[in-house]
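Visitor: What follows is a single structure, and I will ask about it in a moment.
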Amino acid sequence: MELTPSGQLRHFAGAKPDCGCVDNDDCTCPAEDDKIPLSTTTVLGLVSAITVSPEGVVHVADQKALKILSFRHHLPDDDQDGDFKVAYPRTNELYVFNRHGHHIETQDLVTGRTLYSFLYSKNTSFGRLSKVTDSSGNKVMFLRDYNSAVSQVSAKDR
């Protein structure tokens, strides 16, 4: 389990075997070659030690499997502005997220041109989507009531 900054416990690593192993059997599930194993889907036998490197990599010693497993965060590093960029080559798009996890921009991966930009009511994790602008300048605005529910949507051309 992992303690989040908000004080909640979140599942971090370890899963029950679903490949026919019985709890008292001494077996390990075969890894799927086409997938990168995740910490939450990795079956752990008998954890005997845990340590964290200065780079933030969590190392787990599994005494039953006689392995040392290393888990690292799967998100990309942030840039100098604190934004995270995730490329999706299938659609030639680059998605930009701010430090609060809000999707703030979609760019064309080849040209770098902004396809969509997103504006939020606050620059915090509590911000709600308030405006979407496309590459032509067309805008969709979301007006919210006191419960933060969308009460009106207005579309404006340039």
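Visitor: Does the stretch 112-119 include one or more residues that are open to solvent by less than 70 Å² (accessible area, probe 1.4 Å), under 17 Å from the mean Cα position of the chain (by Cα) and not assigned by the TED database to the domain that holds VAL58?
Guide: Scanning the stretch 112-119, I find no residue that is open to solvent by less than 70 Å² (accessible area, probe 1.4 Å), under 17 Å from the mean Cα position of the chain (by Cα) and not assigned by the TED database to the domain that holds VAL58, so the answer is no.
Visitor: Which of (1) in the same structural domain as LEU109 (by the TED database); (2) modelled with pLDDT under 75 is the odd one out, the single condition CYS19 does not satisfy?
Guide: (1)
Visitor: If you don't mind, another one. Given PRO5, PRO30, which one is modelled with pLDDT under 80, open to solvent by 60 Å² or more (accessible area, probe 1.4 Å) and either in contact with a helix residue (DSSP H, G or I) (Cβ under 8 Å, 6 or more places away or on another chain) or closer than 30 Å to LEU119 by Cβ (or both)?
Guide: On inspection, the qualifying residue turns out to be PRO5.
Visitor: Out of (1) out of contact with any Ser or Thr (no Cβ under 8 Å at 6 or more places or on another chain); (2) among the small types (Gly, Ala, Ser); (3) assigned to a loop (DSSP other than H, G, I, E, B), what's the single condition that is false for SER70?
Guide: Single failed check for SER70: (3).
Visitor: May I ask you to verify whether ARG128 is more than 17 Å from the chain's Cα centre (by Cα) and open to solvent by 70 Å² or more (accessible area, probe 1.4 Å)?
Guide: Yes, satisfied.
Visitor: Residues being modelled with pLDDT of 90 or more, open to solvent by 50 Å² or more (accessible area, probe 1.4 Å) and hydroxyl-bearing (Ser, Thr, Tyr): count how many of those fall in the stretch 132-151.
Guide: 2
Visitor: Would you mind finding the one in ASP79, ASP62 that is among the charged types (D, E, K, R) and surrounded by 14 or more Cβ atoms within 10 Å (Cβ to Cβ)?
Guide: ASP62
The values are calculated or read from the model by the stated rules, or taken from the named source; none is laboratory data. Computed from a predicted structure; not experimentally measured. Positions of Cβ are backbone-derived with ideal geometry, glycine not excepted, and every protein chain shown enters the neighbour counts. Remember, those area values only see protein heavy atoms, side chains included, never the ligands or the DNA or RNA. Shrake-Rupley method; radii C 1.70, N 1.55, O 1.52, S 1.80 Å.
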